[in-house]
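As structure tokens, the structure follows; a few thoughts come after it.
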Amino acid sequence: MEFKSLKNIETSFKQIRLFGIVFVVMCTLITGYAVWNSYTFAEAQRQKIYVLDGGKSLMLALSQDLTQNRPVEAREHVKRFHELFFYVVAG
């Protein structure tokens, strides 16, 4: 009778260990997919340029050559930052 219960405990331990390993592998796969998908999404977002229209609306500027619009984008961001910064400080 004792040997049977020991055998039962041993098989239960093997099953728990197997389920634990499967769980860890599945968590690793899901985490890896989520990280890969987020980097892919971030890379796609870096290819877009957003332009402020007089500080009012945000428009997506589609361009074939992104480097030609970068200086304009940077200048508008700095201008908008100063407008908001000095509005908060002065207000």
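The values are calculated or read from the model by the stated rules, or taken from the named source; none is laboratory data. In this text, all values refer to a predicted model and were calculated from it rather than measured experimentally. Here the Cβ positions follow ideal geometry from the backbone for every residue, glycine too, while neighbour counts run over all protein chains shown. For the accessible areas, the whole protein counts, side chains as well, though only heavy atoms, and no ligand, DNA or RNA atoms are used. Shrake-Rupley method; radii C 1.70, N 1.55, O 1.52, S 1.80 Å.
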Checking Ala42 against (1) out of contact with any strand residue (DSSP E or B) (no Cβ under 9 Å at 6 or more places or on another chain); (2) open to solvent by 80 Å² or more (accessible area, probe 1.4 Å); (3) modelled with pLDDT of 85 or more, which test does it fail? (2)
Pull out all pairs, ordered by first then second residue, where Cβ-Cβ is under 6 Å, the residues are six or more apart or on different chains, the first lies in segment 38-50 and is within 20 Å of Glu73 (Cβ to Cβ), and the second is at pLDDT 75 or above and not hydroxyl-bearing (Ser, Thr, Tyr). Ile49/Glu73
What's the number of the only condition in (1) open to solvent by 80 Å² or more (accessible area, probe 1.4 Å); (2) within 30 Å of Glu83 (Cα to Cα); (3) of a type in the set (D, E, K, R); (4) modelled with pLDDT of 70 or more that Lys48 fails to meet? (1)
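Conditions tested, residue by residue: (1) more than 25 Å from the chain's Cα centre (by Cα); (2) surrounded by fewer than 11 Cβ atoms within 10 Å (Cβ to Cβ); (3) of a type in the set (D, E, K, R); (4) modelled with pLDDT of 75 or more.
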position	(1), (2), (3), (4)
Met59	no, no, no, no
Thr67	no, yes, no, no
Arg80	yes, no, yes, yes
Phe86	yes, yes, no, yes
